[in-house]
1. I'd like to know if the range 153-160 contains one or more residues that are within 23 Å of Arg85 (Cβ to Cβ), without any contact (Cβ under 8 Å) to a residue 60 or more places away in the chain, assigned to a helix (DSSP H, G or I) and out of contact with any strand residue (DSSP E or B) (no Cβ under 6 Å at 6 or more places or on another chain).
2. Within the range 98-110, how many residues turn out to be out of contact with any Phe, Trp or Tyr (no Cβ under 6 Å at 6 or more places or on another chain), of a type outside the set (Lys, Arg) and part of a helix (DSSP H, G or I)?
3. Which residue out of Tyr5, Tyr46 is modelled with pLDDT under 90 and crowded, with 16+ Cβ neighbours inside 10 Å?
4. Report yes if some residue within the range 123-133 is touching a residue at least 40 places away in the same chain (Cβ under 8 Å) and outside any helix (DSSP H, G or I); otherwise report no.
5. Could you tell me how many of the residues in the range 134-152 are among the hydroxyl-bearing types (Ser, Thr, Tyr) and in a helix (DSSP H, G or I)?
6. Would you point out the residue of the range 83-106, among those that are of a type in the set (Lys, Arg) and surrounded by 13 or more Cβ atoms within 10 Å (Cβ to Cβ), that is farthest from Val123 (Cα to Cα)?
7. Would you be able to say whether some residue in the range 27-43 is at pLDDT below 90 and surrounded by 14 or more Cβ atoms within 10 Å (Cβ to Cβ)?
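The values are calculated or read from the model by the stated rules, or taken from the named source; none is laboratory data. Here the structure is a predicted model, which means the values were calculated and not measured. Here the Cβ positions follow ideal geometry from the backbone for every residue, glycine too, while neighbour counts run over all protein chains shown.
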Amino acid sequence: MCGPYVLTAPSAVASTKYTPGRSFTTETSSMTTRRRAREVSLQVLYEEDIHPLRELSIADDFLAKRMLHNKPLIAFAQAILAGVRQNRDELDKILTKHASNWSVKRMTTIDRNILRMSTYEMVYGNVPGRVSINEAIELAKRYGSKNSGQFVNGILDRILREHTQNKKETESVGS
């Protein structure tokens with residue numbers, strides 16, 4: 001498939017099926033999960049990093065098609081995208097603080113956007129930190145470089161520790 005938002009891994013190819021006279025389609029049951037929503041969100045964020053002036057309606061159409069018009073998953077992916085877009089500057093500050101000797105600009109586009117998504121989920125969202133980190137590691141292993149999983153894990157672990165500590169301090173002050 002050519003065009004915007006194409007990001008595949010070898011295992012993604014195995015989950016497609018071909019019907020003669022039609023394009024490739026994905027299996028509904030295994031592909032319509034929150035992990036799949038995160039993958040598609042990553043594809044959109046990757047494209048936006050490379051082509052920042054692309055219209056958001058193109059991303060919305062892509063999202064709906066890739067999520068097989070599953071409304072709850074589309075809403076989940078849209079929430080991630082909106083959250084990362086709205087909080088990008090703050091997310092990048094958090095990443096810069098916790099990425100020893102790395103600027104956000106120096107990170108690969110894949111790693112940077114995986115980190116943004118997971119940091120958004122942990123800091124602003126309702127996803128438990130460990131769940132978000134595990135999902136981010138899986139995305140990094142699948143789409144990133146050989147060391148992406150470890151790189152992402154190290155940064156996100158430091159962010160989670162600080163965020164958890166800040167939450168505990170806030171709760172103890174409020175008591």
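1. Restricting attention to the range 153-160, the residues satisfying the condition of being within 23 Å of Arg85 (Cβ to Cβ) are 155-156, 159-160.
So of that shortlist, the ones also without any contact (Cβ under 8 Å) to a residue 60 or more places away in the chain come out as 156, 160.
In the following step, the residues that additionally are assigned to a helix (DSSP H, G or I) were identified as 156, 160.
Next cut, out of contact with any strand residue (DSSP E or B) (no Cβ under 6 Å at 6 or more places or on another chain) only: 156, 160.
Checked against the condition, which is being within 23 Å of Arg85 (Cβ to Cβ), without any contact (Cβ under 8 Å) to a residue 60 or more places away in the chain, assigned to a helix (DSSP H, G or I) and out of contact with any strand residue (DSSP E or B) (no Cβ under 6 Å at 6 or more places or on another chain), the range 153-160 yields at least one hit.
2. 2
3. On the way: Tyr46 fails: modelled with pLDDT under 90.
Within the list Tyr5, Tyr46, the selection yields Tyr5.
4. Yes - at least one qualifying residue is present in the range 123-133.
5. Here the count works out to 2.
6. Arg85
7. Yes, the range 27-43 contains at least one residue that is at pLDDT below 90 and surrounded by 14 or more Cβ atoms within 10 Å (Cβ to Cβ).
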